[in-house]
Amino acid sequence: GSRRWHRRARVLTLARSVPVWDLVAAMWVVDSSLFRLEERSARAHASGWVEFGNGRAVRVLAGFDPAAVWRRFAALLGM
């Protein structure tokens, strides 16, 4: 399924790569110690807009080391 996204990126931005956000989410499930989360207050609106500072308590991604996440992914693949 990712072939479609690669073609889209090439057409729209002339890029040869696409962001690996799905990989980031999957790696959080595999090894959450690689990521820094913060508690925030947020509310999701019907339009999809997220308002921070008003709403219920949620955990949001505050940071991660892309190289460390990639190394862990490569290790899982035996690379």
Every residue in the stretch 50-64 that is in contact with a Leu (Cβ under 7 Å, 6 or more places away or on another chain) and either open to solvent by 40 Å² or more (accessible area, probe 1.4 Å) or assigned to a helix (DSSP H, G or I) (or both), please.
Arg59, Leu61, Phe64
Which of the residues that make up the stretch 9-49 are assigned to a helix (DSSP H, G or I), open to solvent by 80 Å² or more (accessible area, probe 1.4 Å) and of a type in the set (S, T, N, Q)?
Thr13, Ser33
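The values are calculated or read from the model by the stated rules, or taken from the named source; none is laboratory data. Just so you know, these numbers come straight off a predicted model, no measurement behind them. Cβ: placed from backbone, ideal geometry, glycine included. Neighbour counts: every protein chain shown. SASA here: full protein model, heavy atoms, side chains in, ligands and nucleic acids out. Shrake-Rupley method; radii C 1.70, N 1.55, O 1.52, S 1.80 Å.
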